[in-house]
Amino acid sequence: MAKSTNAFTCTACGASHKKWAGRCDACGAWNTIVEEAPLSQGPGRGLGAHKGRAVSLSSLMTTEAPPPRSLSGMEELDRVLGGGLVPGSAILVGGDPGIGKSTLLLQGAAAFARRGANAVYISGEEASAQVRMRAQRLGLADAPVRLGAETNLRDILTTLDNERPDLAIIDSVQTLWSDQVEAAPGSVAQVRAAAHELVTFAKRKGVAIFLVGHVTKEGQIAGPRVVEHMVDTVIYFEGERGHQFRILRSVKNRFGPADEIGVFEMTGSGLAEVANPSALFLSERGQPVPGSAVFAGIEGTRPVLTEVQALVAPSTLASPRRTVVGLDSGRVSTILAVLEARCGIPFAGLDVFLNVAGGMRVNEPAADLAIAGALLSAREDSALPPEAVLFGEISLSGALRPVAQAENRLKEAQKLGFSQAILPDSQKVEGAGGMRINRIADLTRFVGEVFGAG
Ligand SMILES: Nc1ncnc2c1ncn2[C@@H]1O[C@H](COP(=O)(O)OP(=O)(O)O)[C@@H](O)[C@H]1O
Ligand SMILES: [Mg+2]
Ligand SMILES: [Zn+2]
């Protein structure tokens, strides 16, 4: 008989491995691979004789209206959920410890509850008194949220079954403990079992369930990624230490667009919504400085302007620094290689520091041109036109490729007082809305036109 394989799981990314290794080759993390108890084989003989129950099948036609979504009134949260909360859905909220997940979900629970939803908050990490103190500090003590402190999965399910709330928050999934699984709380087996039970419960009883999951650094505690595939919606709460901005980002959503973001500011009295993130991310801009480029981006359904900042300095190191924050470092390496190979502008012997102002993270390839602009501007010590935004993807040949939603990008830029856009020659633009459009065919021409000879 074949032995059960893939009994080793990476606690950081959830990848299965046939044998133990010090480093996960799926995500690159060290010491995160743990052995899982093999799945029980059930009562004998495999499924060859398959004496199951026949499932009743139906047509694709539906007469049912889509379920009504409920709104919290916190617009940033509602948007990231895909336009409100879907009854019976399971939502994973991941993020670093201390980033503000409990704060966000307590505020969210209070907002839903104040609009009439029956909301239950189960804390497995903090005692009820601690959660009450937080509620007091956030000015939510009067919100009709019902609070429990428990980690026993069976007791939690029984409670939810009795209460039948509209939504339940489980903070966090790593503290839960099921008596069905012989493994420590926080282990891959426990976290998966708890998530599976709760997701199944959510579907069966129509209770929307938020599962909080800490991103873990050490390998013994399973991270949120091991349950991503079980839930309907995966949201990460991110932010840089030392910045007060927090970004809620949907990376998967069965009920709405992924990549939608909500922007918050952490204040003494909790998370404040930021309705106009472009203004926020650009507010640190002063006089035109070399190394700064404004990228007109799209996050989900919303245009967001961000500032890409570069610093280029002679290096004393044999292999110069490439420090990248908030951008994909692979993408940055590619752009540096294209600048060198296609435009003859070397960065060898130079340290390169790149980041996005305000702690924002930008993943769009459309940011390529702004990244190249910031790098060139820093290297040439020459500021880009301060009234200009940039967008466009750079191909390996150095050609500029068009990107989606040009009109929305231009509209947002104009709203924030920009009057010029530098974009790919091949970009179709229906209505520039008064913006002056500077079309560029490739990176070499960009260097020539924007920075003189280069
Ligand atoms: N008494 C307090 N006064 C002001 N801010 C606080 C207080 N307690 C916690 N915070 C803020 O809230 C953050 C913790 O948020 P929390 O929601 O507990 O994070 P998480 O649940 O993601 O671990 C802290 O990093 C801090 O910035
Ligand atoms: Mg917490
Ligand atoms: Zn991994």
task = Give the Kirkwood hydrodynamic radius (Å, one decimal) of segment 302-375, defined as one over the mean of 1/r across all pairs of different Cα atoms.
result = 12.7
note = Note: residue 416 to residue 196 extended length (0.36 nm per residue) minus current alpha-carbon separation gives 74.6 nm
request  = Could you list which residues have their amide H under 5 Å from that of residue 172, counting only those 5 or more apart in sequence or on another chain, with H placed in the peptide plane?
outcome  = 124, 125
ask   = Between residue 396 and residue 35, what is the spin-label point distance in nm, taking each point 7 Å from the Cα along the Cα→C-beta axis?
value = 4.3
task = With r as the distance between the Cβ atoms of residue 63 and residue 158 and R0 = 35 Å, compute the FRET efficiency 1/(1 + (r/R0)^6) and round to 0.05.
result = 0.50
task = Would you mind checking which residues have amide H under 5 Å from residue 394's amide H? H placed 1.01 Å from N; only 5 or more apart, or other chain.
result = 368, 369, 401
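On full extension of the chain, what length is gained from residue 21 through residue 337, given 0.36 nm per residue of separation minus the C-alpha to C-alpha distance?
Working it through step by step, the gained length comes to 110.4 nm.
I'd like the FRET efficiency for residue 451 and residue 267, computed as 1/(1 + (r/R0)^6) with the beta carbon distance as r and R0 of 56 Å, rounded to 0.05. The partial results should precede the final answer.
Working: r = 41 Å, r/R0 = 0.74.
Between residue 451 and residue 267 the formula returns 0.85.
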query = If you count the DSSP beta bridges with both ends in the chain, what percent of them are antiparallel, to the nearest 5?
reply = 50
note = Looking only at aspartates and glutamates whose Cα falls under 14 Å of residue 415's and that sit 8 or more positions away or on another chain, we get 387, 407
query = Using a simple spin-label model with points 7 Å from Cα along the Cα→Cβ vector, what separation in nm is obtained for residue 382 and residue 204?
reply = 6.9
request  = Report Rg (one decimal) and Dmax (nearest whole number) for segment 176-279, counting Cα atoms only, units Å.
outcome  = 16.1, 52
key: Quarter of the Cα convex hull surface for the chain, i.e. its orientation-mean projected area (nm²)   = 27.3
query = Any idea how far apart residue 179 and residue 229 come out in nm if each label point goes 7 Å out from Cα toward Cβ?
reply = 3.1
request  = Pop the C-beta distance of residue 130 and residue 429 into the FRET formula with R0 = 51 Å and round what comes out to the nearest 0.05.
outcome  = 0.45
query = If the cut-off is a Cα-Cα distance under 22 Å, which lysines reach residue 19, setting aside same-chain residues fewer than 8 apart in sequence?
reply = 3, 217
Axial C-alpha extent at least 30 Å, average Kyte-Doolittle at least -1.0 - helices from the chain (DSSP) = none
task = With a cut-off of at most 13 other beta carbons within 10 Å, and DSSP calling the residue loop, which GluC sites (Glu not before Pro) in segment 230-288 qualify? Please list them.
result = 284
ask   = What's the extension gain from residue 441 to residue 54 if we count 0.36 nm per residue and subtract their Cα-Cα distance?
value = 133.3 nm
Calculated from backbone phi, Karplus (6.51, -1.76, 1.60) coupling profile of segment 92-100 in Hz, x at Gly/Pro = 9, 10, x, x, 5, x, x, 6, x
ask   = Which of the trypsin sites (Lys or Arg not before Pro) found in segment 362-454 are loop residues per DSSP with 11 or fewer other Cβ atoms within 10 Å of their Cβ?
value = 428
task = Please pull out the direction-averaged projected area of segment 75-275, using the convex hull of its alpha-carbon atoms, in nm² to one decimal place.
result = 10.4
message = Per residue of segment 138-147, what does 6.51 cos²θ - 1.76 cosθ + 1.60 with θ = phi - 60° give for ³J(HN,Hα)? Whole Hz please, x for Gly and Pro, Karplus curve as stated.
response = 8, x, 10, 4, 8, 6, x, 8, 9, 10
inquiry  = Ignoring everything except DSSP H segments at least 4 long, calculate the 222 nm mean residue ellipticity for the chain; use -39,500 (n - 2.57) per segment, divide by total residues, nearest 500.
reply    = -7500 deg cm²/dmol
remark   = Sorted by chain and number, the residues with a modelled amide H under 5 Å from that of residue 292, at a separation of 5 or more or across chains, are 310, 384
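Need one number: % antiparallel among DSSP beta bridges in segment 75-275, to the nearest 5.
Restricted to segment 75-275, the bridges split so that about 35 percent are antiparallel.
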inquiry  = From the C-alpha coordinates alone, can you work out the Kirkwood hydrodynamic radius of segment 280-451, in Å?
reply    = 15.8
request  = Whole Å is fine, so just give me how far the alpha carbon centre of segment 57-98 lies from that of segment 390-418.
outcome  = 31
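Any read-out appearing in this document is the output of simple, stated calculations on the displayed coordinates, not a laboratory observation. Because the structure is a prediction, the values reported are computed rather than measured. We place every Cβ from the backbone using ideal geometry, glycine too, and count neighbours over all the protein chains shown.
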